[in-house]
1. Scanning region 327-363 for residues that are small (Gly, Ala, Ser) and under 12 Å from Pro312 (Cα atoms), which turns out modelled with the lowest pLDDT?
2. Mind counting the residues in region 278-334 that are closer than 25 Å to Leu100 by Cα, of a type in the set (Val, Ile, Thr) and in contact with a His (Cβ under 8 Å, 6 or more places away or on another chain)?
3. Consider region 345-375. How many of its residues are within 18 Å of the chain's Cα centre (by Cα) and either in the same structural domain as Val240 (by TED's automatic domain parsing) or among the hydroxyl-bearing types (Ser, Thr, Tyr) (or both)?
4. Has region 78-94 got at least one residue that is within 27 Å of Asn487 (Cα to Cα), in the same structural domain as Glu237 (by TED's automatic domain parsing) and modelled with pLDDT under 85?
5. Can you find even one residue in region 329-336 that is in a strand (DSSP E or B) and surrounded by 22 or more Cβ atoms within 10 Å (Cβ to Cβ)?
6. What are the residue pairs meeting all of these: first residue in region 313-336, first residue more than 20 Å from Thr291 (Cα to Cα), second residue among the polar types (S, T, N, Q) and surrounded by 20 or more Cβ atoms within 10 Å (Cβ to Cβ), Cβ atoms under 6 Å, and 6 or more apart or on different chains?
7. Among the residues of region 103-112, is any out of contact with any strand residue (DSSP E or B) (no Cβ under 9 Å at 6 or more places or on another chain), buried (at least 20 other Cβ atoms within 10 Å of the Cβ), modelled with pLDDT under 95 and in the same structural domain as Phe69 (by TED's automatic domain parsing)?
8. Could you list, in sequence order, the residues of region 78-100 that are closer than 24 Å to Arg142 by Cα, free of Cβ contacts under 8 Å to residues at least 60 places away in the same chain and either assigned to a loop (DSSP other than H, G, I, E, B) or not hydrophobic (A, V, I, L, M, F, W, C) (or both)?
Amino acid sequence: MPDDIENALCAHDLVDDVRVQGTTAAVVPAVAADAPDVRASYVDSWRSIFEDTHVRVSGTGGLGSDAAFLGWDDSFTGDAIPLDQMHEWVGTTVARILALEPRRVLELGVGTGLLLRPILDAAPIETYVATDFSAPVLEMVRSLGDPRVEVAQAEALTAPSAVGGRYDTVIVNSVVQYFPSLRYLEQVIENALAVVEDGGHVFLGDLRSDALHETWAARKASSRGTVAEQEIRDDGELSVDPAWGCWLLRRFPRLTAVEAAPRRGSGVNEMTLFRFDLVLHVGCPAESPVTDWRQEPSLSTVDSRLVEETEPFGYRGVPNARLGDGLDPESLCALAEHHGWVPRVSWSAGDADGSFDVSFVPAGTHFRSADPVTSGGDGRSAAMFPPRFAGSLAAALLREAPGLTDVVFVRELGTDVTGSRRFTATQIISGATESGDPVLEAVLAAFGRHVRAESFGAEESFFALGGASLPAAMCVRELRQDGMDINLRDLFECQTARALAERVAQRGAR
């Protein structure tokens, strides 16, 4: 029986290998299969969300105005992130990119141009190619009229080959969370490296830390009165473990070092708490490593050493005050810069409590974000897919093998599945109330597939039961494929299945 189940599951396009233990299947997702139909569905759903936002931005101020921050909401409270914190976010991101000394830049997913304007103003840019899959945002970029700027409509995966040319800096900032899989991200990096010159860099900014995913979910659940496990299952965005950067060194021989650094900033928000930047160095010269590593610093001790020392030094495993007791990494950075040193805060170990390594080096160092990792490792990567996507895949596998009750996604067989994320039949299968109205039944079924509620009534709000922008877009896409004349704005306005079904009935099927 296990052999039969394993053979059946291995036939699935997104499964590379599988081992059945009792009623649990440990599944290695395929790294070669691209699943373009699944990817297209996922990417198109995000496209509809962003194009709606970009149209609103262009109508209320445009590129470079505070309107460009529309849609930047705190996932814990649902409120807009304060403008002063967003300006700080832009400033710290731009500072890290400027440290790479960019001249010929390719940005994948320029969005509302939050980085483009300040980089053009501060760096000796020769060429800045801005790509995005949203036509409205590219029109805003064109309106700048800057002869150094070129635009091209393309998604992140195809943009490097679509625009051609050679670059010293490729920027992929705050868009990786919308990628459909870790495999997709790896392909984006591979394609980006094909157009980066030796001595150049790929900047992957504002990545969600998979090592802190459970902590993020617990904080969100506490803020919203929900359950952390539910928040994880409903999460439609991709997270990446900082330690995954070590594996990239094995995967791509042209990479000579990676830096995995938590986001800088004094504002308390999910970016400074749970996100990091990954800087990939392409053929860059090595640097003498820090050798004087110690444990458990205090601010006063660090202050004294910064006055007295002349050689690099650092500390391992510093407890993170942003997520518990310990030291605030931003305080250490500010102290170092006050004394004229370069602080490097690293998350390359990917510790689940958010602890970090910090080193202090004299000015003039090539590596400025984090202590560089120069040798590859296994690199944890628990988030093969966004949890919601993984749940959909798990549901498909469970349907093909009714004897199974659990699916666990692992990087390779032999991984201890007890510590990995599980997708159980009861967690990922939801139903809808029978109504007798075929349109309402279809809407209820779509709601049930994308909001993990145990049941879904016709009068219950899609958003009150945990629905968000991405699930909403995917619901609308499914219903449109069924012939219903609706758009994303209809779902936001109607909210309940009955109200949406009535609107569909008023318009009639296409």
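The values are calculated or read from the model by the stated rules, or taken from the named source; none is laboratory data. All values reported here derive from a predicted model rather than from experimental measurement. Using ideal geometry, Cβ is built from the backbone for each residue, glycine included, and neighbour counts are taken over all protein chains shown.
1. Of everything passing the filter in region 327-363, Ala363 is modelled with the lowest pLDDT.
2. 2
3. 1
4. Among the residues of region 78-94, at least one is within 27 Å of Asn487 (Cα to Cα), in the same structural domain as Glu237 (by TED's automatic domain parsing) and modelled with pLDDT under 85, which makes the answer yes.
5. Taking every residue of region 329-336 in turn, none turns out to be in a strand (DSSP E or B) and surrounded by 22 or more Cβ atoms within 10 Å (Cβ to Cβ).
6. From region 313-336, the pairs are Gly326/Asn320.
7. Within region 103-112 (the criterion being out of contact with any strand residue (DSSP E or B) (no Cβ under 9 Å at 6 or more places or on another chain), buried (at least 20 other Cβ atoms within 10 Å of the Cβ), modelled with pLDDT under 95 and in the same structural domain as Phe69 (by TED's automatic domain parsing)), the answer is yes, since at least one residue qualifies.
8. Matches in region 78-100: His87, Gly91.
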